[in-house]
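Have a look at the structure below, then the notes.
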């Protein structure tokens, strides 16, 4: 048996007036998802436990089968793993976004999707500037092929800032950024670093060129998602399968590394609308020739939700269906038997441009246990199925063992 999990990040959504009361998933043309749903099991699953902020870190940890209440220590340390950074005792890793500030408002959590080469130059300049004042205490790392997504590590007493309240920048677009700066013991240190970054970036040549091109500048860094290095059991120990993960996002790669799964690199993946969808599916098929299990993650659906564009989100969903699910559907025929699961990690709502904790729709299909499912896969039919998995981290066990429905 071969197992495939497809995660269109943030695909879930609420009904929208502009779509006649439909969600983007309901309005999208998704013949391949619908094929698997009509011959499988659909339902709802709660990936965001009570008390947790909805995000890809919590949602995907649940999808992978790890209880966030037990294993989650923060987003930063998961991304550190992908960058090959070993956190020592006392180290605290933060996600470090490059953001655009306009007036008093946080205009863009991605600095207008700044390129990775540009981000590397800015992060290096910031690190060199702060090294003079905080030698051995702070360290900045550029992300790997993800532009605005970078990393900051504080070396020292992690307890000093472990409980600082930091807000994800994608939750506050359009709002006064100063109202959402870090709060609590140790926050003044983080705020000072963020303010120093504004000075370094203000007239930097990278930003000057971006402004000349009509692009948003990287105004400052935004620190959040801090944590210490986590420890959780390997995927083989947990589920008895060996596999890999295909994604452009460092966070997902970090989860894979901690879970003992291979990070499968695919040319041309960007975490955006121009990503190599077909390549992801083709590499997944190839991976299954020597492995039992593969996860394919797409970020474009989430990005469209953050932009607040329903039509763009529909297009992203249709691209995932046509280029990823369509390619997988054809390629999986070479195997004697396979199971596929499709689900988002959380909602990313077009109307609010941020995440929500709503239970998300999922579908499961197995060549060895075809069933009678709904003709359309969407939030509505998932709710109407009556199938509800209250704890998201238990769904993977049901999927691998074939005990659902």
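Rounded to the nearest 10 degrees, what's the angle between the helix 277-288 long axis and the longest principal axis of the chain, both from Cα atoms, 0 to 90? That works out to roughly 70 degrees.
Between residue 179 and residue 1, the contour length at 0.36 nm per residue exceeds the alpha carbon distance by 58.9 nm. The ellipsoid that matches the Cα gyration tensor of the stretch 81-227 has semi-axes, each √(5λ) in whole angstrom, of 23, 17, 14, with the longest given first. The convex hull drawn around the Cα atoms of the stretch 232-293, when projected onto a plane and averaged over every direction, covers 4.1 nm². Compute the acute angle (0 to 90°) between the alpha-carbon long axis of helix 250-259 and the principal axis of greatest extent of the alpha-carbon atoms of the chain; round to the nearest 10°. Taking Cα atoms only, the helix is inclined about 60 degrees.
The angle between the Cα long axis of helix 187-202 and the main principal axis of the chain comes to about 80°, on a 0 to 90 degree scale.
Can you tell me what the convex hull of the Cα atoms of the stretch 265-354 projects to on average, as an area in nm²? Walk me through the numbers on the way to the answer.
Numbers: hull surface 23.3 nm².
For the stretch 265-354, averaging the hull's shadow over all directions gives 5.8 nm².
Size descriptors for the stretch 16-149 (Cα atoms only): Rg and Dmax, in that order, 20.0, 62 Å. Per the Debye formula on identical point scatterers at the alpha carbon atoms of the stretch 47-114, with no solvent, log10 I(q)/I(0) at q = 0.20, 0.24 Å⁻¹ is -0.95, -1.05.
Can you work out the FRET efficiency for the pair residue 129 and residue 262, with r the C-beta to C-beta distance and R0 = 41 Å, to the nearest 0.05? It comes out at approximately 0.65. Given in Å, the Rg to one decimal and the Dmax to the nearest whole number for the Cα atoms of the chain are 20.8, 65. The peptide list 394-400, 340-346, put in order of mean Cβ contacts within 10 Å with the highest first, becomes 340-346, 394-400. Choose one answer from 76, 21, 305: the residue with the largest mean-square fluctuation in a GNM of the chain with alpha-carbon springs under 10 Å. Residue with maximal mean-square fluctuation among 76, 21, 305: 21. Protection proxy ranking for 356-365, 100-109, using the average of other Cβ atoms within 10 Å per residue and placing the highest first: 356-365, 100-109. With the simple model of a label 7 Å out from the Cα in the direction of the Cβ, residue 53 to residue 369 spans 3.8 nm. Rounded to the nearest 0.05, what FRET efficiency do residue 191 and residue 88 give with R0 = 22 Å and r taken as the Cβ-Cβ distance? Could you check? Using R0 = 22 Å, I get an efficiency of 0.35. For the chain, a Gaussian network of Cα nodes joined below 10 Å ranks 134, 347, 236 by mean-square fluctuation, and the top entry is 134.
Each value in this text was obtained by applying a stated rule to the coordinates, not by laboratory testing. Note that the coordinates shown come from a computational prediction; the quantities given were computed from them, not determined experimentally. Heads up, the Cβs are rebuilt from the backbone with ideal geometry, glycines too, and the neighbour counts pull from every protein chain shown.
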